[in-house]
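Enquirer: This is the structure I want to talk about, given as structure tokens.
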Amino acid sequence: MSLPSSSAAAAELYSDGASLLSLDSSVFYSETPASCGRDPLDFFIINVGGSRYVLSQELLASYPETRLGKLACCSRDSALELCDDADFLENEFFFDRSSQTFQYVMNFYRTGHLHVREELCAISFLQEIEYWGIDELLIKACCRERYYRRKELKESLDVGHEFEASDSGDEDFTGAACPGLRRRLWDLLEKPESSRAARTFGSLSVFFVVVSVINMALISLDLGEESDWSWSVGAPLLFDALEYVCVVWFTGELALRFLCVRDKCRFSRSVPNVIDLLAILPFYVTLVVENLHGETTELENMGRVVQVLRLMRSLRMLKLGRHSTGLKSLGMTIAQCYEEVGLLLLFLGVGISIFATMVFALEHDLPGTTFSSVPVAWWWATTSMTTVGYGDIRPDTAPGKVLAFLCILSGILILALPIAIINDRFSACYFTLKMKEAACGSEVLLGEAVNPHLPQG
């Protein structure tokens, strides 16, 4: 269906009107093209989602890489591969696509500029222009920033769904031993919104985490010097008892999850489960080390190891991530924004190196200077660019103080660069999780209303 060149009359007809958009096509095209004195081979009728558009062969051929450009230059047999249907007598080609988005495609053929309206979905628009053979890089600068921001936000939400599904995916107990019991136990442990018993269990888990952290802080206090003898003797016993109770709860919770789940390997690789293991592992390692230290003289330096292991109990705070939407959103945001965080560290590293070298060159020859070496200058630049400013190292000369001002100002600007992107992704993740919680809560309330006599849990 290779088309001949347009006549002079046809060229005059399509110079402006060939790209006219028909919003009421049934009236506008009530007559056949032949009755209007047109050569059927000089124009195309593009029917997109029921809306008909008239485009000239010359105009379409000027964009040979697009779908319609290929349609204008191909044979009749190849044309059916580019469209959904065709009426070769009327030279009309049918496409089952969005007529709303095709208006922007029409505008691109007419003007050579591709624009995106604010109300359009970025992913849907991308799918449409890819179908029509138009590259998204052709989007004009006035719409490009908004388009790519929305596209990245949508991709972040998709990654968030995959992240959430991989970490808290529903278990399938079909074919397993005691599937009903394991299903009820799994819902009790992993889905606080599934029943009242599950909500109670989740509240108890949070309670034991808080008690464990407070108990860890109280153990570090030396209460014997400021209290009577009975309290100084009874307090350590009470704190140890609380520690044992909390560890037993955490161990039983993790053991029940491990016994209930089918895929033990995937369960062991899950981040929340690794955190649960690290929260209780120091306690048992400490018991072993203390027993060995008490019985063997070769382990005299194990006291420091015990102190480090005790400090690792603070990881129990991370267990709140199972029950806090905010902490879940923070974890998803960090997982998605690793590129932005990497750029931030790169910018800080470059700035620290530059300012540290410059301030060392200005200050190291002064008597009594605190800039004794470049690593010391690195420490000063780090605290300055992150706006901490300990004050232990500071410049004394006027050029050094000016350089310190520039260092602090640069740090503020560098830290502010990725904040907008991280904030947008955090807001999107938090909103998605809250909507999921609301949907799960509605399902539970609906189930209780339909089956009020079913036992909870």
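The values are calculated or read from the model by the stated rules, or taken from the named source; none is laboratory data. This structure is a prediction, so every number in the text was calculated from the model and none was measured. A quick note on method: Cβ atoms are made from the backbone with ideal geometry, for glycine too, and the neighbour counts reach across all protein chains shown. What goes into the accessible areas is simple: the full protein's heavy atoms, side chains included, and nothing from ligands, DNA or RNA. Shrake-Rupley method; radii C 1.70, N 1.55, O 1.52, S 1.80 Å.
Enquirer: For the range 328-444, which whole-number percentage of the solvent-accessible area (1.4 Å probe, protein heavy atoms only) is attributable to carbon and sulfur atoms?
Expert: Values: 4900 of 6710 Å².
Ligands and nucleic acids excluded, carbon and sulfur reach 73 percent.
Enquirer: So if we plug the beta-carbon distance of Leu204 and Val402 into 1/(1 + (r/R0)^6) with R0 = 56 Å, what FRET efficiency do we get, rounded to 0.05?
Expert: Computed FRET efficiency for Leu204 and Val402: 0.45.
Enquirer: Accessible surface of Lys401 in the full protein assembly, 1.4 angstrom probe, to the nearest 10 Å²?
Expert: Looks like 120 Å² after rounding.
Enquirer: Give a residue-ordered list of calculated ³J(HN,Hα) values for the range 413-424 (Karplus: 6.51 cos²θ - 1.76 cosθ + 1.60, θ = phi - 60°; whole Hz; x for Gly, Pro).
Expert: 5, 5, 5, 7, 4, x, 4, 4, 5, 5, 5, 4
Enquirer: A follow-up question, please. Identify all lysines with a Cα-Cα distance to Lys151 below 17 Å; exclude those on the same chain that are fewer than 8 residues away in sequence.
Expert: Lys140
Enquirer: Quick check on packing: order 336-347, 277-288 by the mean number of other C-beta atoms within 10 Å, highest mean leading.
Expert: 277-288, 336-347
Enquirer: Can you give the convex hull volume per residue for the Cα atoms of the range 328-444, as a whole number of Å³?
Expert: Hull volume normalised by residue count: 102 Å³.
Enquirer: Using a 1.4 Å probe on the protein heavy atoms, what percent of the accessible area of the range 245-291 belongs to carbon and sulfur? All intermediate terms of the calculation are to be shown ahead of the outcome.
Expert: Details: 1820 of 2330 Å².
Solvent-exposed carbon and sulfur of the range 245-291 make up 78 percent of the total.
Enquirer: Also, I was wondering about something else. Lys191: which lysines have alpha carbons under 20 Å from its alpha carbon, excluding same-chain residues fewer than 8 sequence positions away?
Expert: Lys264, Lys319, Lys328, Lys434, Lys436
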